[in-house]
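Worksheet for the structure shown next.
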Amino acid sequence: MASSKVVESLFSYDDYRKFLQDYFEEQKNRSAAFSHRFFAAKAGFKTSSYCLNVIRGRFKLTRKSAEKIASAIGLGSLQEAFFLALVEFNQAEQINKRDEAWEQILLVKRQAEITHLTNREQTYFSKWYHPVIRELIVNSKWNEDFKVLARMVVPHITANEARDAVRNLLELGLVKYENGRYIETSLVVDAKDVSPIALRQIRRDYIQHALRAVECVPRDEYYSAFTTLAMSEKSFKYVVEVMRDARKKIMAKIANDMDVERVYEMMFMTFPMSERISKDEK
């Protein structure tokens, strides 16, 4: 199926009816065979004018109907999540429901803005301070003095390391220099497509820095919690799900933080401290 410019710009919409209207007009211009009747049949609706009535505000979309439309359009998982949240936001009558839908919209947008790096770009994760430098050059006044920038990193790095880091970030396209300042080209960088081997050293470095923080940083400047738990595989999966959800919510929340004062590293870890316990041992 040919790409749709309307679908590609879905995240810029704040009205799902306007999105559907633009999508239908785009498809009609592309093919004379496209019609509301054709789309209704594709989506599995019995009434051929159902979508037209929705666009005109005569009908509201149910969750199931919204999912059918998303599937018929061919939306990806994040696009579908955004579309469903937008439907809920536009149709909600209670303020708290609208607020919940809006939080979901922000969360999905945040995820959509994540940049996935490939192994060819694993340079970013080759040094633990690359992500730190990326945040500092965007959010601090260092006046392009690499000695100052290097001293802002904790633990400190050299001016040459800071200079190389900035150059790498520019070459990778993770920041750009515009109108006398550095700007992030995406909110978050994800290591989804980087090999575990390439990430091993930076993870070790961050764990070492976490130990240093526990030992050297004042208690009111960091947070840590340690809990030993005995649980089933089902409970472990629940813990992972909660931690993933918490990470997403935190990322969505700080996306709008315009008063940055410091760069932090956040870790969520749950790992085994024993071998599997057999039923006989219980």
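Among the chymotrypsin sites (Phe, Trp or Tyr not before Pro) in the range 150-226, those located in a DSSP loop and surrounded by at most 13 other Cβ atoms within 10 Å of their own Cβ are Y222, Y223, F226. When +1 charges are put on Lys and Arg Cβ atoms and -1 charges on Asp and Glu Cβ atoms, the dipole computed for the chain relative to its Cα centre reaches about 1040 debye.
When every Cα-Cα distance of the chain is counted in 5 angstrom steps from zero, the calculated P(r) takes the values 1, 4, 9, 11, 13, 12, 11, 10, 10, 8, 5, 3, 2, 0 percent.
Residues whose amide H falls under 5 Å from that of L187, counting only those 5 or more places apart or on a different chain, are absent, with hydrogens built in the peptide plane.
Binning the C-alpha pair distances of the range 180-282 at 5 Å intervals from 0 yields a P(r) profile of 2, 7, 13, 17, 20, 19, 10, 6, 3, 1, 1, 0, 0, 0 %, listed from the shortest bin outward.
Between R58 and A112, the FRET efficiency from the beta-carbon distance, with R0 = 30 Å, is close to 0.45. Taking all protein chains into account, the per residue accessible area for the chain stands at 68 Å² (1.4 Å probe).
Using C-alpha pairs under 8 Å with a sequence gap of at least 6, the mean separation divided by the residue count of the chain gives a relative contact order of 14 percent. Once you mark the GluC sites (Glu not before Pro) that are in a DSSP loop and have at most 10 other Cβ atoms within 10 Å, what is the longest gap between them in the chain? So the longest stretch without any such site is 94-260. Normalised by the number of residues in the range 1-90, the mean separation of alpha-carbon contacts (under 8 Å, six or more apart) gives a relative contact order of 31 percent.
Remark: the A191-D99 segment gains 30.0 nm on full extension, using 0.36 nm per residue and subtracting the alpha carbon distance. The trypsin sites (Lys or Arg not before Pro) of the range 156-215 that meet both conditions, a loop assignment by DSSP and at most 10 other Cβ atoms within 10 Å of the site Cβ, are K192. Between the range 21-47 and the range 63-96, what is the separation of their alpha carbon centroids in Å? Their Cα centres are 18 Å away from one another. Which helices, counted as full DSSP H runs in the chain, have an axial Cα extent of no less than 27 Å and a Kyte-Doolittle average of -1.0 or above? Taking the DSSP H segments of the chain (at least 27 Å long, mean hydropathy at least -1.0), we get 196-216, 233-254. Taking the chain as a Gaussian network of alpha-carbon nodes connected by springs under 10 Å, the highest mean-square fluctuation of the residues S186, S77, S31 belongs to S31. Taking amide H positions as modeled 1.01 Å from N, with prolines and chain starts lacking one, no residue 5 or more places away or on another chain lies under 5 Å from Y182. With the simple spin-label model, which puts each label point 7 Å out from Cα in the Cβ direction, the R203 to R276 separation comes to 2.1 nm.
Take the Cα radius of gyration of the range 102-181 and divide it by 2.2 N^0.38 Å, N being the number of residues; the result is 1.23.
The values are calculated or read from the model by the stated rules, or taken from the named source; none is laboratory data. Note that the structure is predicted; figures quoted are calculated from it, not measured. Backbone-built Cβ (ideal geometry, glycine too); neighbour counts: all protein chains shown. With ligands, DNA and RNA removed, areas are computed over all heavy atoms of the protein, side chains included. Shrake-Rupley method; radii C 1.70, N 1.55, O 1.52, S 1.80 Å.
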